[in-house]
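The next block holds one structure in the form of structure tokens; read it before the comments.
Laboratory data are not the source of any read-out in this text; all were calculated from the coordinates shown. What you are looking at is a predicted structure, and each value in this text was computed from that prediction instead of being measured.
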């Protein structure tokens with residue numbers, strides 16, 4: 001799932017890099033869910049959209065030429081949070097299982113010798 005704080009962005013904001021760096025070299029299939037964005041859609045609407053896409057993808061895996069037993073849920077930034085929440089939601093609902101979760105988020109800190117984070 002794409003980032004954008006659940007208020008902006010779309011799959012094409014992350015797909016080109018994922019396709020070039022991961023999918024093509026590793027021969028992976030990539031399916032992306034376009035979830036509804038705030039403020040028009042409030043949480044948990046984006047998560048429900050991702051769940052519906054995950055269920056659809058696993059139910060149609062054979063038609064798509066994908067191994068349903070080797071599906072990994074992934075997302076970047078806000079999409080990473082959605083990916084983690086999707087894994088839990090699917091578990092709690094008895095939905096499809098994923099082989100793994102790849103939640104990517106950029107985290108950084110600025111620490112100087114005088115800041116508490118540096119001690």
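Helical runs (DSSP H, four residues minimum) scored at -39500 (n - 2.57) apiece and divided by the length of the chain put the mean residue ellipticity at 222 nm at -9500 deg cm²/dmol.
How far is helix 45-59 tilted off the main Cα axis of the chain, in degrees rounded to 10, range 0 to 90? The helix 45-59 is inclined about 40 degrees to the chain. Between the alpha-carbon centres of segment 1-29 and segment 62-92 there is a gap of 13 Å. If you take mean projected area of the Cα convex hull in nm² from the coordinates, which of (i) 12.9; (ii) 9.7; (iii) 7.7 do you get? So the structure-derived entry is (ii).
Once the Cα atoms are used to define both axes, helix 78-93 deviates from the longest principal axis of the chain by about 50 degrees.
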